[in-house]
Amino acid sequence: MRTTDPVRFQRACEATLIPAGTTVVVPEGTEGSLTQALGQSFTVYV
């Protein structure tokens, strides 16, 4: 997967806003761009 691949959430996911550290839920169907993938952690621009 390239770091600019578009993504669409297939289920609601808990996420952490950076840099605030606030926990949010990203709803199913939300689209974004994958900007970084390290192991099991991902950074997504929504």
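Where a number appears in this text, it was derived from the coordinates with a stated rule and is not lab data. Just so it is clear, the structure is predicted and the values come from calculations on it, not from any experiment. Every residue, glycine among them, receives a Cβ derived from its backbone with ideal geometry; neighbour counts consider all protein chains shown.
Can you tell me the equivalent ellipsoid semi-axes for the chain? Use √(5λ) from the Cα gyration tensor, largest first, whole Å. Working shown, then result.
Working: eigenvalues 52, 40, 16 Å².
In descending order, the three semi-axes are 16, 14, 9 Å.
Work through the residues other than residue 46 whose Cβ is under 12 Å from its Cβ and net out their charges, Lys, Arg +1 and Asp, Glu -1. Walk me through the numbers before you get to the answer.
Details: positive: 8; negative: 31.
My count for the surroundings of residue 46 gives 0.
Counting other Cβ atoms within 10 Å of each Cβ, which GluC sites (Glu not before Pro) in segment 1-42 have at most 11 and sit in a DSSP loop?
28
Could you compute the net charge surrounding residue 29? Neighbours are other residues with a C-beta less than 15 Å from the C-beta of residue 29; K and R count +1, D and E count -1.
0
Please give me, ordered by residue number, the trypsin sites (Lys or Arg not before Pro) of the chain that lie in loop per DSSP and have at most 16 other Cβ atoms within 10 Å.
Values: sites: 2, 8, 11; in loops: 2, 11.
Answer by residue number: 2, 11.
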